[in-house]
Amino acid sequence: MKAKSKLSVRNLITYSISNFKHNFWGYIGFESIYKGITSFLIIPFMLMILNHFIHNNGFDVITNKQILNFGLSKQGMMAMFIMGVVSFFIVFIEQIGLVIISYQSHFNRKISTKDTFMYSIKNIPAIMSLGSVQILLYLLFIIPFSNLGVRSNFIKNIQIPKFIEDTLFKSLNGSLLIVFITLVVTYFVVSWIFALHCTILEKKSFSDSIKKSKNLVKGYFFKILFTIFILNILVGIISFIIVIIYVTVLIMIIELIDNNSIAIPLVAFISVISTGVSVFISLIVAPLNTLMITCFYFDIRSIKENEELSPIEMEESSLENSFEKILYKNRKKLILLSTIIVAVSTIDISYQIYDSLNEKYNIQITAHRGSSIKAPENTLSAIKYAIEDKADYAEIDVQETKDGKVVLIHDKSIERVTGIDKNIWEIDYEDLKDLDAGSWYSNEFKEENIPLLEDVIKASKNKIKLNIEIKINGHEKNLVENVVKIIEKNNLVDKCVVTSITYNVLEQVEKLNPQIKTGYIVYMSVGDISELDVDFYSMESSRVTPKIIKSIHDKNKQIHVWTVNTDEDIEKFNALKVDNIITDYPERVRKIIYKTSKDDENLDKILNNIFY
């Protein structure tokens, strides 16, 4: 009969929290220094290395497909190698450090922050002794895409661009692919969850550690998964409750205190304190998870094996001169420094809120492919609904037919919207113009056709501006020249913008007519994109940060964000003061960002300034 685990799920969580309290300052000290070093030294160093190689390759900034081309170049490979080595060390130093502190906590022992770092660095060679691709799998896939306590803070921001996620989830096959990948990764994460423990604590090679981890997990897979899931749910619930209390208090202060000179500094002060609480929570989540895994490791190991492990013996002088002791001895100075930081931050945020209340800000709205939720995309009906929805711009995609006509179509192939398996460059306009491009959306639009750009201009002129995206498929003859000629012929220079994902297209437009405003579509970038010679940037929403917005605005350029559909994202980018929101729901965006109540507007401005 198989021996049973000595600890229940509840006891494991309780035991982990108890051990965490015993080594509280060890965890906080280690995580604080680790995050400080990575944020202020390592990441800037890696960006410096990357920019050096980008400049050596002849670029100031690389975007979109250029990133892949750079990655395949000699300069790119060298940059990736150096960054990969640095990432390897940084990621595993954190993971090993947390394991060592948790190991000592199990024996009711402490370890100084300095010694934790020293032990982590000494154990790196043990990880490197693997000699197989398993370490790459562990580093590149298991750690970044898991949240089971083995995910490094250093690479926690790795994410799939939002528009790719949306595209995947729109189709059944895409959703099934995501589910499959999630299940596979979860399996390996749990199966290999004790690999670091076995390498560090039992001095095994990483390959042997993975095998041993699988053996230890066998029979306890779902218990491990469930327990760590519950722990993270509890942390999430506590965080959610804190946020609810925080928001409620802010709203009460804003609504109950009429005098802004009192309410705003109070709101700013509470915001600073709340930020401190958030930072504290971020410092404890990874240690709690690692400690939980360590408890499981000892619990299961005691059942399956008889061999005992011993704690790391520390010199008393090491603990006496530890970072934690230094903090304790200088606690009064630390409290004074913290008070100064809180005061300065409160004053700074207060001024930002005051400025936002007095700032006049007008955001514009672009209907993505016309109002494509109400009508088939890139059709005259979609333009009509965009006008009815009071969008400022209608975004349309243009390509060239076989005989050189400029028409509205997003895909290279016309199959999705017409059912005909042909590419746009393989068909003349005469054969295209009567095809049904609306039934795929709804029988209501059965007679809808693929329109010419000129037809759309006539339908939209003096009613809505156009964002004309020139899509390059490699088979164009005179697409850019024809688009510019059509714009000039219809006196549309001041009532449209031209965008493209291909930068040299915008350079051609600039040469042909510098008066036409151009926007560069960006879904990925490395370097300072604000240096490019365009009037504005059309950026994928998950790539847009306050830092990027400031950089672009400082150059007196605009930033448009796509594709923004949820209420949360609409509020976010309105608060971040982007210049244009590109959306499938222009009517929804207008309702959210243009409030009728002045009081509601001020409340939104204050809250948005705090949260974004």
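Every number in this text was worked out from the coordinates using simple rules, so none of it is lab data. Being a predicted model, the structure only gives us computed values, none of them experimental. With ideal geometry, Cβ positions are generated from the backbone for all residues, glycine too; neighbour counts draw on all protein chains shown.
Length, then width, then depth: along the principal axes, the Cα atoms of the range 381-431 run 36, 22, 17 Å.
Normalising by residue count, the range 168-243 has a Cα convex hull of 138 Å³ per residue. Length, then width, then depth: along the principal axes, the Cα atoms of the range 364-611 run 56, 42, 31 Å. Treating each Cα of the range 4-91 as an identical point scatterer and summing with the Debye formula, the log10 of I(q)/I(0) at q = 0.25 Å⁻¹ comes to -1.17.
From most to least packed by mean Cβ count within 10 Å, the peptides 28-40, 178-190 give 28-40, 178-190. Based on Cα contacts under 8 Å between residues 6+ apart, the chain shows a relative contact order of 14 percent. Starting from a Cα-only point model with no solvent, please compute log10 I(q)/I(0) by Debye for the chain at q = 0.07, 0.08, 0.09, 0.10 1/Å. Result of the Debye calculation: -0.58, -0.75, -0.91, -1.07. Restriction of the trypsin sites (Lys or Arg not before Pro) in the range 178-224 to DSSP coil positions whose beta-carbon has at most 16 other beta-carbons within 10 angstrom yields K203, K218.
Packing, taken as the mean count of other beta carbons within 10 Å per residue, orders the peptides 516-529, 580-593 from highest to lowest as 580-593, 516-529. Rg and Dmax, both from the Cα atoms of the range 34-81 and both in Å, are 11.9, 34. For the chain, give the share of DSSP beta bridges that are antiparallel, in percent and rounded to the nearest 5; count only bridges with both residues there. Of all bridge pairs located within the chain, approximately 20 percent are antiparallel.
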